[in-house]
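Worksheet: the structure to be examined is printed underneath.
The values are calculated or read from the model by the stated rules, or taken from the named source; none is laboratory data. Everything numeric in this text was worked out from a predicted model, so none of it was measured. Methodologically, a virtual Cβ is constructed for each residue, glycine included, from the backbone with ideal geometry; neighbour enumeration extends over all protein chains shown. Each accessible area value is taken on the protein alone, full model and side chains, heavy atoms only, with ligands, DNA and RNA left out. Shrake-Rupley method; radii C 1.70, N 1.55, O 1.52, S 1.80 Å.
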Amino acid sequence: MTPVKNIIFDFGNVLFDLDLPAIERHFRQLFGKNFDAVNEKLRRTRFFELYETGGISTEEFVTTLRTATDPLLSEEQVVAAWNSIFIDMPKHRFDMLLQLRQRYQVILLSNINDLHANWIDAYMLRQHGMDDFLTRHFDAVYYSHLIRLRKPDREIYEYVLADAELVAEETVFFDDLEVNIEAARQLGIRGVLHPLGSEIGKTVASLVTDRRAIF
């Protein structure tokens, strides 16, 4: 079997713990009885996907949500609700990434947006004293809102493979969503599903040490 040279990590609920239902909980409280109608309209127009791929600005995103109900919401309410998804990234995962970089090319691939990316930057400085988290821990970083592509679309995997000059068969990809893993496998990338609630460090370690595994 072709040896692994590259490891691609998803961010949310793989490296950084998230409370996925938090956003809906907070916006249900803010929108009240209007929530279902507003949410349906926004999803029908692919509003959130547009923001995730840089199709609309943060100002447009916040203004749309502020004015989606009556009385109007404040910018601070919208931003706080949107960023309520984040929990924590424990120190041992930073150590894991640094150790892996000694043997592999380590890459971050995330469906993300400007507000979330800015929150993470602030968190890394506040909690871990790092203003160079991305460059310190990854050989390359691909954020959906910057490259204007998102998982599970085939184009994003093709873009990463070409831009980072990776061979698909030499590359392992960890993600918490089966649809994203399957899309990567279609291009020959070795996809590994990361179960919600499990520890990514243990999953990686088991693959590295198991002679039968993909590493």
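Overview of results
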| quantity | calculated |
| --- | --- |
| Residue count, the range 190-206 (criterion: part of a strand (DSSP E or B) and either over 19 Å from VAL179 (Cβ atoms) or touching a residue at least 24 places away in the same chain (Cβ under 8 Å) (or both)) | 1 |
| Some residue of the range 118-130 being closer than 24 Å to ILE156 by Cα, at pLDDT 95 or above, touching a strand residue (DSSP E or B) at 6+ places or on another chain (Cβ under 6 Å) and in a helix (DSSP H, G or I) | no |
| Candidate set: the range 13-52, residues that are under 17 Å from LEU177 (Cβ atoms) and β-branched (Val, Ile, Thr); chosen: the one most open to solvent (accessible area, probe 1.4 Å) | ILE23 |
| Boolean, SER110 is surrounded by fewer than 18 Cβ atoms within 10 Å (Cβ to Cβ) and among the small types (Gly, Ala, Ser) | no |
| Failed condition for LEU65, given (1) open to solvent by less than 60 Å² (accessible area, probe 1.4 Å); (2) farther than 20 Å from PRO21 by Cα; (3) modelled with pLDDT of 95 or more; (4) more than 21 Å from the chain's Cα centre (by Cα) | (2) |
| Tally, over the range 133-171, of residues that are of a type in the set (A, V, I, L, M) and more than 16 Å from the chain's Cα centre (by Cα) | 6 |
| Restricting the range 1-12 to residues that are at pLDDT below 95 and over 16 Å from VAL106 (Cβ atoms), the residue that is most open to solvent (accessible area, probe 1.4 Å) | MET1 |
| So SER144, is it touching a residue at least 24 places away in the same chain (Cβ under 8 Å) and open to solvent by less than 20 Å² (accessible area, probe 1.4 Å) | yes |
